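This report refers to the structure that appears directly beneath it.
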Amino acid sequence: MSGTWRDDEIEIEIDEMAPAIAGDRYIMVMPSGVTTGPSHNPGGGTREFIYSVSVSVVLRASATPRDFTRSLMIDNLRSVNKLLWEADELIDFSETLRQAANVLINAAEGSTVENFIEPLRFGSIDPRPRIVSSAVFDASDEYRAGLQRSITYVGAKRITTR
């Protein structure tokens, strides 16, 4: 992803759960939906789909008692925001990412398919990070085991014909 992220720190996660082997930080890319666009007319042979994805950064924290929850948020807020904005630099309106997606589509579906014609764009960000339990890491029963914040990207447009 970038110079600060290793390959084992980022993955597509359909269930919004980091693997148990995740380190102290992990970035999850998750599908967020598909909607039809204004030129969608399957009866006329045109199908316009607009794709969205969410990107979440999760930082592990040691077991945190309730009275230290504020410290957990304050101590890690800058780190989680910095990592999330690093991801944003690589995703928001990225032609490189759009072209990479098209290469994958062509490899999977054949070179005659239509590609994405518009890239993902920033849609929204969580109003604030949230404290997550150890279940996010598929780990033991800690109620406050980390901090997570997400950005949703929208608008990756693909028009196909029948």
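Taking Cα atoms only, the orientation of helix 69-91 departs from the longest principal axis of the chain by about 20 degrees. If the chain linking L77 and N106 were pulled fully straight, counting 0.36 nm for each residue of separation and taking away their Cα-Cα distance, it would gain 6.5 nm.
Taking N as the residue count of region 7-161, its C-alpha radius of gyration divided by 2.2 N^0.38 Å amounts to 1.22.
No lab work stands behind these numbers, since they all come straight from the coordinates. This is a predicted model, so every value here is computed, not measured.
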